[in-house]
Amino acid sequence: MSSNESPQNPERPMSGETDSNSNVEKILAEVGHSLTQLGDRYEQVKRDWRRYRELQQHQEELEAKKTHNPEKEPIKTELKHLLKELEELEINLESVLLPDLFWQAVRFGGLGIVIGWLLKSLAG
C-alpha cells in the first residue's frame with residue numbers, strides 16, 4: 001500500500017451506499033404501510049360482505065312475512081331501510097374495492113421495479 005492510499009473502514013459505508021440504504025428503507029416502510037392499509041381494507045370488505053349477506057337473508061325473510069301478514073306497513077318500512085343499506089354496501093364494495101386493488105397493484109409493481117433498480121445499482 002502506498003502513502004497516497006488510505007485504508008478504508010469496511011464497517012463505514014460510503015455516502016452513496018448510505019443514500020441507497022435510506023432510500024430502500026423508505027421504500028420498504030412505504031410498502032409495509034401499504035400492506036397494512038390493504039390488510040385493513042380487506043378486513044373491512046369481509047365485514048361488508050358478511051353484513052350484505054345477512055341483510056339479503058333478512059330481506060328474504062321479510063318478503064316471505066309480507067305475503068302472510070295483514071299489516072304490511074311496518075314490514076314495508078323495514079324493507080325500505082334494508083334496501084337502502086344494501087345499496088350503500090353495494091356502492092361501497094364496488095366503488096372502493098376495485099380502484100384500491102388496481103392502484104395497489106400499480107403501486108407494488110412500481111415499487112418492485114424501483115427496488116430492482118436499487119438492488120441492481122448496489123450490486124453492479
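Residue pairs whose Cβ atoms lie under 7 Å apart, separated by 6 or more positions or on different chains, with the first residue in the range 22-35 and in a helix (DSSP H, G or I) and the second of a type in the set (K, R) and at pLDDT below 85, are S34/R107.
Take the conditions (1) outside any helix (DSSP H, G or I); (2) modelled with pLDDT of 80 or more; E71 misses just one of them, which is (2).
Restricting the first residue to the range 65-83 and requiring it to be closer than 19 Å to Y52 by Cα and among the charged types (D, E, K, R), which pairs with a second residue that is part of a helix (DSSP H, G or I) and modelled with pLDDT of 75 or more meet a Cβ separation below 7 Å and a spacing of at least six or different chains? Once the first residue is closer than 19 Å to Y52 by Cα and among the charged types (D, E, K, R) and sits in the range 65-83, its partners that are part of a helix (DSSP H, G or I) and modelled with pLDDT of 75 or more give E78/L62. Within the range 36-64, restricting attention to residues that are without any contact (Cβ under 8 Å) to a residue 60 or more places away in the chain and among the aliphatic types (A, V, I, L, M), the residue that is nearest to N92 (Cα to Cα) is V45.
Kindly establish whether E43 is among the acidic types (D, E), assigned to a helix (DSSP H, G or I) and at pLDDT 80 or above. Answer is yes for this residue.
Residue by residue, here is whether (1) under 20 Å from R41 (Cβ atoms); (2) outside any helix (DSSP H, G or I); (3) polar (S, T, N, Q); (4) modelled with pLDDT of 80 or more holds:
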| residue | (1), (2), (3), (4) |
| --- | --- |
| R53 | yes, no, no, yes |
| Q56 | no, no, yes, yes |
| Q59 | no, no, yes, yes |
| K66 | no, no, no, no |
| K80 | no, no, no, yes |
| L83 | no, no, no, yes |
| E87 | no, no, no, yes |
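Take the residues of the range 1-21 that are small (G, A, S) and either at pLDDT 80 or above or part of a loop (DSSP other than H, G, I, E, B) (or both): which is nearest to E78 (Cα to Cα)? Spell out the reasoning first.
Step one: list which residues in the range 1-21 are small (G, A, S), which gives 2-3, 6, 15-16, 20.
If we keep only those that are either at pLDDT 80 or above or part of a loop (DSSP other than H, G, I, E, B) (or both) as well, we get 2-3, 6.
Numbers: S2: 90, S3: 90, S6: 83 Å.
Filtering first and then ranking leaves S6.
The values are calculated or read from the model by the stated rules, or taken from the named source; none is laboratory data. Just so we're clear, the structure is a prediction, and the values are computed from it rather than from any experiment. FYI the Cβ positions are ideal-geometry reconstructions off the backbone, even for glycines, and counts take in every protein chain you see.
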